[in-house]
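A quick write-up on the structure given underneath.
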Amino acid sequence: MDELPQLFDVLEGTMSFVGTRPEAVKYVEKYQPEYYATLLMPAGITSEASIRYKDEDRLLNSADNADDVYVNKVLPEKMKWNLLSVRNYDFFSDIATMFRTVFAVLGKDYS
């Protein structure tokens, strides 16, 4: 239900079903130069990075310094997936990502 407002954003055309998830400004400020390419894509409800890091809160909750773990471990991995999606964008990949999202929500592990 918490994604419902984002569905309205998709219908308005300000967001897409598949695309990079927006990062907090404090993390964007720490981007490597190549990460900026992900900002050119419309924000999405789901992405490969979102699927693979759907349980990132568990990793971060157990960390002594969650920001440090996010910036040095999680963010580079998420960006790897985001940049791969930008480079290899096509309609059928987006459809596959949507199906993987459904399976991930139902419990399939893609990590």
Show me, for segment 101-111, the HN-Hα J-couplings you get by feeding each phi into the Karplus relation (A = 6.51, B = -1.76, C = 1.60, θ = phi - 60°), rounded to Hz, glycine and proline as x. 5, 4, 5, 5, 5, 7, x, 5, 9, 10, 6
Amide H neighbours of residue 17 under 5 Å, counting only residues 5+ apart in sequence or on other chains, H built in-plane at 1.01 Å? 45
Two pseudo-spin positions, 7 Å from Cα along C-beta at residue 62 and at residue 80, lie apart in nanometres by 1.9
Under Karplus coefficients 6.51, -1.76 and 1.60, residue-wise ³J(HN,Hα) of segment 71-87 in Hz, glycine/proline x: 5, 9, 10, 6, 4, x, 5, 4, 5, 4, 5, 4, 5, 4, 5, 5, 5
Residue 30: which lysines have alpha carbons under 30 Å from its alpha carbon, excluding same-chain residues fewer than 8 sequence positions away? 54, 73, 78, 80
So for the chain, taking the charge dipole from beta-carbon charges (+1 Lys/Arg, -1 Asp/Glu), which of 96, 24, 107 sits furthest toward the positive end? 96
As a test of the formula, what do you get for the chain when each DSSP H run with n ≥ 4 contributes -39,500 (n - 2.57) and the sum is divided by the residue count, at 222 nm and rounded to the nearest 500 deg cm²/dmol? -13500 deg cm²/dmol
With the 8 Å Cα cutoff and a minimum separation of six or more residues, the chain has a relative contact order in percent of 30
Rg [Å, one decimal], Dmax [Å, integer] - the chain, C-alpha atoms: 14.0, 40
I need the phi-derived Karplus couplings for segment 32-49: 6.51 cos²θ - 1.76 cosθ + 1.60, θ = phi - 60°, integer Hz, Gly and Pro marked x. 6, x, 5, 5, 4, 4, 5, 6, 7, 8, x, 4, x, 6, 9, 7, 4, 4
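Each value in this text was obtained by applying a stated rule to the coordinates, not by laboratory testing. Predicted, not measured: the structure shown is a model, and the values here were computed from it. Don't worry about glycine lacking a Cβ; one is built from the backbone with ideal geometry, like all the others, and counts go over all protein chains shown.
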